[in-house]
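Report on one structure; see the data block that follows.
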2 protein chains.
Amino acid sequence: MEKMRLSGHDVYYATELRAGQRDLVLAGEEFHHLCRVARHRVGDPVAVTNGRGLMAVGRVKAIRKESAILEFSDWMEDHGESYLRLWLGVGMIRSQRFDWLVEKATELGVIRISPLLTKYARSRDGEAKAGRWRRLAIAAMKQCQRSVLPEVDDPMPLAEWLEQLPPSGPRLAAIPEAEMFVGHWICNARLVPPLELVALVGPEGGFAAEEVQLAQSRGFVGVSLGPRRLRTETAALLLCSLLLNMIPAKEGR
Amino acid sequence: MEKMRLSGHDVYYATELRAGQRDLVLAGEEFHHLCRVARHRVGDPVAVTNGRGLMAVGRVKAIRKESAILEFSDWMEDHGESYLRLWLGVGMIRSQRFDWLVEKATELGVIRISPLLTKYARSRDGEAKAGRWRRLAIAAMKQCQRSVLPEVDDPMPLAEWLEQLPPSGPRLAAIPEAEMFVGHWICNARLVPPLELVALVGPEGGFAAEEVQLAQSRGFVGVSLGPRRLRTETAALLLCSLLLNMIPAKEGR
């Protein structure tokens, strides 16, 4: 695997891509995007990711009526990925704001997004939206040249989500009343591999007291995000921004 | 000035509010919001900010047909404000994304937002939008319980903006090709009062080479925001999140 970095390459998504694969036939929506939207021609540089960490780089070899053949010369692992694997659980908010959150969390490098139903979560029509959120995550992954497609879960109750978490590892919850500022936690974080972190942010109405207790009983540390009353999606993105960029890597940056 | 913190208080905006003022007549849009939207009654707790750092806390004293009288018992300076004054210059992007950026930058604590026209900036219809952005900033200030209304400039050319900056102080520009990661700059920042910082983010097409040179000649340090290709508004909010929360205060946090 070469250590290179994509420049202006458009990125396409093909789940079937394997390491070392020389040619790929792009059809369907991705072909439409390449041929009709981006209007690529034979010879143009392009990249393809399988959404599981592999990015292949090459050129358009041929364009047919319903598909294009791409030819690759380089393959990279984890292009555009953070060394930290962050799983975000976030209380349901109204649809447009959640759409936006999915796009931004994908750009920021989150690997999994779980919409949560809580006592004060407003919107409970999320099942119908999960497919839409997955399409937004794919578009954002391609746009920002990531090689991992974040998983977007169907909405589930908070208690059920807590049961699904890995058995150990650091867990943070944004709690407005918490005494510890998130920056303080980050500066003192001593993470050991695997660098997996779970972050939890409440819905617009905040968590109920019993939900805070439940999360704390499952190992969540409450942190404050500062003196302002942030909207759910703002709190989530602030927390993701800080965690994904300011926790010192073991080997330094 | 007492050191208290607002809880669930709705915040209203009245530019004429002065420190120590006991009563205030709220009329117009703000009255409409208090009476018709939030449906407050006599006796309800409310807060009012003048958008210049003052927050008064009290109750609804009387409600008339076209106005409400509020009575205050506490006044606070700089409620919800960061110890760091961050001025954000950002290349023009399309309207919906800029709307969203204004809301989020306000929530994150930025004190001034300058939409910039650059070689590759797409949208040049921003003059008509500046009034809309100011209304969005007011709404976000109230929502997040800040006491300073961020200034939103009319769009201006990058070169003109550079002339308006304070004569000294740290200046950062997000440059994808920069070798220094922003987190590295932050960890080594030794800011001295007044804690004023200027941040610059390019439009979707990035800066032209001569624009990068111009900014650097005016003291901007280029920093990278990591391995992903971020949209303008994502880059701006990531940069604001890190700068406003991770630069150590002189006295510690």
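The values are calculated or read from the model by the stated rules, or taken from the named source; none is laboratory data. Fair warning: this is a prediction, and the values are worked out from it, not measured in the lab. As a convention, Cβ positions derive from the backbone with ideal geometry for all residues, glycine included, and neighbour counts pool all protein chains shown.
Computed values, structure above
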quantity	calculated
Residue match in the range B:120-134 (condition: surrounded by fewer than 21 Cβ atoms within 10 Å (Cβ to Cβ) and within 14 Å of chain A (Cβ to nearest Cβ))	yes
Among (1) more than 28 Å from B:TYR83 (Cα to Cα); (2) in a strand (DSSP E or B); (3) out of contact with any Lys or Arg (no Cβ under 8 Å at 6 or more places or on another chain), the one test that B:CYS35 misses	(2)
Odd one out for A:PRO115 among (1) part of a loop (DSSP other than H, G, I, E, B); (2) crowded, with 22+ Cβ neighbours inside 10 Å	(1)
Tally of residues being away from every other protein chain (no Cβ under 14 Å) and either within 15 Å of A:THR49 (Cα to Cα) or charged (D, E, K, R) (or both) across the range A:135-162	6
Conditions (1) over 26 Å from A:ILE186 (Cα atoms); (2) modelled with pLDDT of 95 or more; (3) within 14 Å of chain B (Cβ to nearest Cβ); number of the one not met by A:GLU103	(1)
Per-region count, the range B:72-90, residues touching a helix residue (DSSP H, G or I) at 6+ places or on another chain (Cβ under 7 Å) and away from chain A (no Cβ under 14 Å)	3
Residues within the range A:151-172 that are over 17 Å from A:ILE93 (Cα atoms) and in contact with a Phe, Trp or Tyr (Cβ under 6 Å, 6 or more places away or on another chain), tallied	1
Residue match in the range A:11-29 (condition: without any contact (Cβ under 8 Å) to a residue 60 or more places away in the chain, of a type outside the set (D, E, K, R) and assigned to a helix (DSSP H, G or I))	yes
Residue match in the range A:46-56 (condition: more than 30 Å from A:LEU197 (Cα to Cα) and more than 14 Å from chain B (Cβ to nearest Cβ))	yes
Failed item, numbered, when A:LEU237 is tested on (1) facing another protein chain (nearest Cβ under 8 Å); (2) part of a strand (DSSP E or B); (3) of a type outside the set (Ser, Thr, Tyr)	(2)
Unique match (being farther than 30 Å from B:LEU238 by Cα and of a type outside the set (Gly, Ala, Ser)) among A:VAL110, A:VAL60, A:VAL90	A:VAL60
Total residues in the range A:154-169, condition buried (at least 17 other Cβ atoms within 10 Å of the Cβ) and either at pLDDT 95 or above or β-branched (Val, Ile, Thr) (or both)	4
Any pair with Cβ under 7 angstrom, 6 or more apart, that starts in the range A:217-234 at a residue that is within 14 Å of chain B (Cβ to nearest Cβ) and free of Cβ contacts under 8 Å to residues at least 24 places away in the same chain and ends at one that is surrounded by fewer than 20 Cβ atoms within 10 Å (Cβ to Cβ) and of a type in the set (Lys, Arg)	none
Condition met for A:LEU230 (out of contact with any Ser or Thr (no Cβ under 9 Å at 6 or more places or on another chain), in a loop (DSSP other than H, G, I, E, B) and modelled with pLDDT of 95 or more)	yes
In the range B:14-41, the residues that are surrounded by fewer than 12 Cβ atoms within 10 Å (Cβ to Cβ), under 24 Å from the mean Cα position of the chain (by Cα) and more than 16 Å from B:ILE138 (Cα to Cα)	B:ARG18
Residue match in the range A:206-214 (condition: buried (at least 22 other Cβ atoms within 10 Å of the Cβ) and within 14 Å of another protein chain (Cβ to nearest Cβ))	no
Residues of the range B:161-188 satisfying the condition of being among the aliphatic types (A, V, I, L, M) and either outside the structural domain of B:VAL221 (by TED's automatic domain parsing) or out of contact with any helix residue (DSSP H, G or I) (no Cβ under 9 Å at 6 or more places or on another chain) (or both)	B:LEU165, B:ALA178, B:MET180
Among the residues listed as B:ILE69, B:ILE93, the single one being under 28 Å from B:ALA208 (Cβ atoms) and either away from every other protein chain (no Cβ under 11 Å) or assigned to a strand (DSSP E or B) (or both)	B:ILE93
Some residue of the range A:176-196 being touching a Ser or Thr at 6+ places or on another chain (Cβ under 7 Å), under 17 Å from B:GLY8 (Cα atoms) and not hydroxyl-bearing (Ser, Thr, Tyr)	yes
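This table checks each residue for (1) out of contact with any strand residue (DSSP E or B) (no Cβ under 9 Å at 6 or more places or on another chain); (2) within 30 Å of A:LEU230 (Cα to Cα).
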site: A:ARG36; (1), (2): yes, no
site: A:HIS40; (1), (2): no, no
site: A:ASN50; (1), (2): no, no
site: A:GLY53; (1), (2): no, no
site: A:LYS65; (1), (2): yes, no
site: A:ASP78; (1), (2): no, no
site: A:ILE93; (1), (2): no, yes
site: A:TRP100; (1), (2): yes, yes
site: A:THR118; (1), (2): no, yes
